[in-house]
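A short worksheet on the structure shown next.
The values are calculated or read from the model by the stated rules, or taken from the named source; none is laboratory data. Every value quoted in this text rests on a predicted model; they were computed, and no experiment measured them. All Cβ positions, even for glycine, are placed from backbone atoms using ideal geometry, and neighbour counts span all protein chains on display. Please note that ligands, DNA and RNA were not included when accessible areas were found on the heavy atoms of the full protein model with its side chains. Shrake-Rupley method; radii C 1.70, N 1.55, O 1.52, S 1.80 Å.
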Amino acid sequence: GLGFNIVGGTDRPHNPNDSSIYVSWIKKDGAAYLDGQLQEGDKILAINGKDLKDLRHKDAVELFRNAGYHVSLKIQRRLQPQNGPVGHQGDGESGGLPLAAILVPGLALAATAVWILLRYRQWM
């Protein structure tokens, strides 16, 4: 096998109002694990060019079983921000604060602290 399990499908939605196919588990030392690119929680959009949209779970499983030795997956990586809901790349939703929103104020604060420290030393 490919070394991972899937969940989802039109007959078994993994998430409410979402019948997409997701990676639920990756077998340690299996093909997917050794390849290192697939992660648990990834949404699988296509296998070997075949779109997985609107498939029943068993039909998706059959596509994976018959995929052959060379498998190409189109996936959507799951994002897990520190705070807030889980989002997906490309779904148009913001999954949390952008890194710049944290770094810019932090750098400004650090620069101010250094400036104050240097000024304080000059007065002594």
Which residues qualify? For Leu52, with a placed amide H closer than 5 Å and at least 5 residues away or on another chain, they are Ala46, Ile47
Take the Cα radius of gyration of the range 4-76 and divide it by 2.2 N^0.38 Å, with N its residue count; two decimals is plenty.
1.02
Coil-residue trypsin sites (Lys or Arg not before Pro) of the range 1-74, DSSP, other Cβ within 10 Å capped at 15
Lys27, Lys28, Lys53, Arg56
Rounded accessible area per residue of the range 4-76, 1.4 Å, Å²:
66 Å²
Within the accessible area of the range 20-81 (1.4 Å probe), percent carbon and sulfur
46 percent
